[in-house]
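A.B. asks: Sharing a structure, written as structure tokens. Questions coming.
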Amino acid sequence: MENLTTEIVGWAARATEKRPNRTTVSALFANILSKMGVTDAFGIVGGGNAPFAEALLHSPIRVWHTRHEAGAAFAAAEASFASGAPAAVFVTTGPGLMNALNGICAARWDGAKVIVMSGCTNPEQKGRWAVQETSSYTMPMGDLFSKGAFFDYATQLGSEAELMQVARRLQKGFARPQGFIAHISIPLTLQTALLAQSSEPPNTSMLPFDPAPVQLNSCSVPLANEHFAIWLGYGARNAVEEVHQLVDLTGAAVMCTPRAKGLFPETHPQYVGVTGAGGHKVAGDYMNRCQPAYTLVLGSRLGEASSFWSDDLIPRRGFIHVDVDPTAVGIAYPDVPVVGVQAEIKAFLKTLNQILPYINDDERPEIVALPKPPQLEPRDEGDLRPQYLMQMLQEKVIDTSDAIVMSESGNSFAWANHYLRFNSPDQYRTSAEYGSMGHVTTGVVGAALAADKRSFAIVGDGAMLMNNEISTAVRYRAKAVWLVLNDSRYGITQQAMKAQGFWPVETEIPPTNFAMYAKAMGCAGVQVTRESELAAALDQALNTEGPFVIDAIIDRSEISPVLKSRIDNLKKQGAVGTEFDA
């Protein structure tokens, strides 16, 4: 441990070493990525990508070597959100690429900007069962090397002459307002090929989308004449100021999806809560009581975790749905009228705010704002209540620091979504819809490294055992904190199976002391078994220089706030057991 705190950390420490005066395809590509704004790259070196990895080392890009390729992809996604810049993932052939795909799917679903660089088996070795072969003989090449479910753009580089064309496509992708996931695969022989001369792609500028008059007229007329609510999604994160102006202008009530927590202050008197998993009843109560004619949806697909497709959230006359992705419009509530607008939300709202009239105070709807969570006193006996844990996290971390707070899928997400309150648009992160276990246990390291700030991950013990990057955090002294809700089981699965009438199948996990687990890898940590110990543990996590693990033994009897809504939806889909009397 002492050696880790005194040595120069990271590959970047060697980037100033003098290298031979030559330019390879790898070196040029690394330079292109840097020019495009990539500041951080996460991955693992193997035989199929070593030349490119070395080129990254000697570029301005900061390079972080993770312990698993999925962790690298999750970390890159969260680094992209934390820094606002595209991030890179570098992986070797075969299993290196395949391991990364889970994290890549999450990045695609969430709208991150990530480029994957993979090694590729040389043409003359394909079909000969090369070690970790990447070819049509071993993998579904159409899914991996073309636009589809994994990537917005993907290609296998055939020659150095293609590099400028590829760079152009990457520039255009990263310039667009929504997410962009790319995959560039380079055969080993091409990675080391020498270039006759170095070159750079010319700059490509993309003009912002300006909503057409007919679109604005279709929206502004109904919104000007009737009360409406605003439903914020994460896609509106670059339009925070314009949302405030719209609320001040119209007096509209605001609700948000889980990923949009904090885009509008959750203590604001016109805020009526979070929808979807672990959401608040106040939002549905407002819609039923005030019955706004329309709901203006800004930057959300309104998927199951964001809405639970609740009938309570349907406005009288329908949705006005604004998104850069036209495929997001109308899919969540297919039977409800909708006016769809394909537009960049900031530009759309700037123009809309100039058109809509000011609504006088006496004409504004009566709004009952989201109440504060009940304040709990620490109890002397028993394990920690998750509600109390959220309360202390609010007081010690969210209200008093700029730390990033992230929640893992499952009960961790539900407790955070329901009880935590954020007033800053860049303080909370979760992956609601894709919901992969292991996203936040690894992604927290990417956020901490990219933003260079304390980042807290609220995770379950199941996710922590599935995948984590504690060792990576130790290596680079990342300011990452894992707050483990430890109940020695897959909590949400066990609760859900019982509630549906199933016998819980292998949901118990042998008890794990995650503080000892962390210390075995050189990370500081503490186990908390009483509520009175929690405040000191959070202080210690905030003041420790490097990574930290808080192993919180939680009360297994506490029922997650997501359970009833989730079970109701599962039952509608036919998931009803017969063996267990709930």
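A.B. asks: What's the exposure ranking of Phe42, Phe308, going from fewest to most Cβ atoms within 10 Å?
C.D. replies: On the way: Phe42 34, Phe308 21.
If I rank by nearby Cβ atoms, fewest first, I get Phe308, Phe42.
A.B. asks: Same structure again: Cα centroids of segment 410-486 and segment 232-306: how far apart, whole angstrom?
C.D. replies: Computed from Cα coordinates, the inter-centre distance equals 24 Å.
A.B. asks: Grab the DSSP H runs of the chain that are 4 residues or longer, score each as -39,500 (n - 2.57), total them, divide by all residues and round the 222 nm result to the nearest 500 deg cm²/dmol.
C.D. replies: Value at 222 nm, helices only: -10000 deg cm²/dmol.
A.B. asks: Here is a further query. Evaluate the distance, in nm, between pseudo-label points positioned 7 Å from the Cα of Asn288 and of Trp503 along their respective Cα→Cβ axes.
C.D. replies: For the pair Asn288/Trp503, the computed spacing is 3.8 nm.
A.B. asks: Bin by bin, in steps of 5 Å, what percent of the Cα pairs in segment 386-572 do you find, going until the bin that has the longest distance?
C.D. replies: P(r) over segment 386-572, rounded to whole percents: 1, 8, 18, 22, 22, 15, 8, 4, 2, 0.
A.B. asks: Something else now. For the peptides 373-383, 229-239, what is the packing order when you average, over each peptide's residues, the other Cβ atoms within 10 Å and list the highest mean first?
C.D. replies: Packing proxy ranking, top to bottom: 229-239, 373-383.
A.B. asks: Related question: Where Lys and Arg each count +1 and Asp and Glu each count -1, what net charge lies around Asp383 among other residues with Cβ under 15 Å from its Cβ?
C.D. replies: Value of the local net charge: -4.
A.B. asks: Could you check what % of the DSSP bridge pairs in segment 405-521 are antiparallel, to the nearest 5?
C.D. replies: 10
A.B. asks: Determine, for each peptide in 254-261, 64-71, 176-183, the mean count of other beta carbons within 10 angstrom over its residues, then list the peptides with the highest first.
C.D. replies: 254-261, 64-71, 176-183
A.B. asks: Given a Förster radius of 22 Å and the C-beta distance between Glu533 and Asp452 as r, what FRET efficiency does 1/(1 + (r/R0)^6) yield to the nearest 0.05?
C.D. replies: Working from the Cβ atoms, E equals 0.15.
A.B. asks: Would you compute, for the Cα atoms of segment 213-363, the largest minus smallest coordinate along each principal axis and list the three values in descending order, in whole Å?
C.D. replies: Rounded to whole Å, the extents work out to 36, 36, 28 Å.
A.B. asks: Please arrange Ser431, Ser412 by counting, for each residue, the other beta carbons lying within 10 Å of its beta carbon, fewest first.
C.D. replies: Working: Ser431 26, Ser412 29.
Ascending number of Cβ neighbours within 10 Å: Ser431, Ser412.
A.B. asks: Using just the alpha carbons, could you tell me how many Å³ per residue the convex hull of the chain encloses?
C.D. replies: 165
A.B. asks: In nm, give the distance between the simple-model label positions of Asn217 and Ser34, each being 7 Å from the Cα along the Cα-to-Cβ direction.
C.D. replies: Here the answer is 5.2 nm between the modelled labels.
A.B. asks: Only bridges with both residues in the chain count here: give the DSSP antiparallel percent, nearest 5. Before the final figure, lay out the partial values.
C.D. replies: On the way: 2 of 72 bridges.
Once the DSSP bridges in the chain are tallied, antiparallel ones form about 5 percent.
Just so you know, all these numbers are worked out from the coordinates, no wet-lab data involved. Quick caveat, the model's predicted, so the values are computed rather than measured. All Cβ positions, glycine included, derive from the backbone under ideal geometry; neighbour counts span all protein chains shown.
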